[in-house]
Amino acid sequence: RKSDSYISFTLWDRDIVGEDDQLGQHIVHVRDIKAARPTDSGAAIKTVPWSQLTSKLECCGKINVVAFFEDDARTDLRVNVSRGVNLPVADEFGSSNTYVVATLAQGRGAEQIYQTSAQSGTTEPVWDHWMKFAVPKKSSEKDPSDTRHPELFLTMYVYHLDERRGQSIFIGKADLALCRV
């Protein structure tokens, strides 16, 4: 408990080709760790902000998305996942078989999910896939005329489809706050 030791938590990605990259690190001083006894009042869980080890992190590809509401009540969301640009290589042939899964959480565990088709053998896929999401009406006590949804996000996950192994490999993720649409 009085040690000058540290515990280091390191987050890595998993690369199919090439070396894995270190994404971040968080270090905890051992003497700052509270004892985990029910009678110990200092054992409460506390949130510690994530610390970035390096500024080397950078975007590894982009997806082009068009999103707009078809109605003034902002309940009919239209989304077009157009294409990917400079997506990471995920197979030994220098390309990827990529697809996007878009989700919109509806609260209480319910969510709407759409998926594009997988575009094979390219790091610049063209999906041009339209989706329609039903956004719940906002119940705002502060301003009922404010129809923005600051708490809702459209989340898009990008995957590589490894056809030989029959599995999907996570490539990346993007969140779009509906209040920005």
Heavy-atom accessible area with a 1.4 angstrom probe orders V158, V28, V126, most exposed first, as V126, V28, V158
T155 accessible area, 1.4 Å probe, all protein chains in place, Å² to nearest 10: 20 Å²
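Using R₀ = 22 Å, calculate the FRET efficiency as 1/(1 + (r/R₀)^6) where r is the Cβ-Cβ separation of A110 and L11; round to 0.05.
Values: r = 30 Å, r/R0 = 1.36.
For A110 and L11, the calculated efficiency is 0.15.
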So which aspartates and glutamates pass the test for K62, namely a Cα distance under 16 Å, with those fewer than 8 places away in the same chain ruled out? E124, D128, D175
Could you name the aspartates and glutamates whose alpha carbon sits less than 18 Å from that of K137, not counting residues in the same chain fewer than 8 places away? E70, D71, D72, D76, E111, D146, E151
Mind ranking 74-84, 171-181 by how tightly packed they are, going by the mean number of other C-beta atoms within 10 angstrom, highest first? 74-84, 171-181
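Could you calculate the contour length gain from W130 to Q22, that is, 0.36 nm times the residue separation minus the distance between their Cα atoms, to one decimal place in nm? Don't jump to the answer; show the numbers that get you there.
Numbers: separation 108, 0.36 × 108 = 38.88 nm, distance 3.52 nm.
Fully extending the segment from W130 to Q22 adds 35.4 nm.
Working with all protein chains in place, sort Y99, Y114, Y6 by solvent-accessible area computed with a 1.4 Å probe, largest first. The partial results should precede the final answer.
On the way: Y99 20, Y114 80, Y6 140 Å².
Final ranking, largest accessible area leading: Y6, Y114, Y99.
The values are calculated or read from the model by the stated rules, or taken from the named source; none is laboratory data. All figures in this text were calculated on a predicted structure; none of them were measured in a lab. For neighbour counting, all protein chains shown are included, and Cβ atoms are generated from backbone atoms with ideal geometry for every residue, glycine included. Accessible surface is based on the protein model in full, side chains and every heavy atom, while ligands, DNA and RNA are left aside. Shrake-Rupley method; radii C 1.70, N 1.55, O 1.52, S 1.80 Å.
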